[in-house]
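Input: a single structure, listed below in structure tokens.
Computed from the coordinates by the stated procedures, all read-outs in this text should not be read as laboratory data. Everything numeric in this text was worked out from a predicted model, so none of it was measured. Note that each Cβ is placed from the backbone with ideal geometry, even for glycine, and that neighbours are counted across all protein chains shown.
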Amino acid sequence: MSLSPEKIKYTPKPKPAFRWQMPSQIIKELSSDEICEACDSLKDAEIEKLKDENNKLKKLLAFWRSETHSLALKTALEAKAVPLEKMVSKVTSTPEGKESWDKAWKDQFAEWQELVKQGKMSKIKYYRLLNGIDQITLAKELGMAQPNISRIEKPGYNVPTKTLKKLATIFGVKMEDLIGN
């Protein structure tokens, strides 16, 4: 005899534990093994339904991630880059913006000077940053590779005199300004 879910009903007890109650005629006709088998089949059916729902949700999540990625890529491809100069001119077009911009640069220069005093930044790097030149551009002007610029910017690195002369010309300073503390 097979047991259907309609024949089993759950009645909660006031105690924390609960107990399954079955109509008395079914209890007389079924053995405890058959009752356990019926409970297991109900549990297994519920687990399968949950697994199916979980798989559907995973597929839906993958779809939405793909759509979001596509939308982000499409937006990035359609967006027009705004030149930095244009952004700076817009920010500094008002007196408040100009004042904030000048204060930010003054604070930045002070921070760089402090790093030079502490020996955490070389004067070569300080002047490169002060002139708004990146390492790649400086390397091209000096006729060397960018990793060499990184090396000569390390505090305490002994820079060849020939390179110091070129750097002084590029930065518009005296050679002595690039060496020492």
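Among the listed pairs Lys117/Lys165; Lys120/Lys162; Lys125/Lys162, a Cα-Cα separation exceeding 20 Å is found for Lys117/Lys165; Lys120/Lys162.
Segment Val88..Val173, full-extension length gain: 27.9 nm, with 0.36 nm per residue of separation and the alpha-carbon distance subtracted. Modelled this way, with points 7 Å down the Cα-to-C-beta line, the labels at Cys39 and Leu73 are 5.3 nm from one another.
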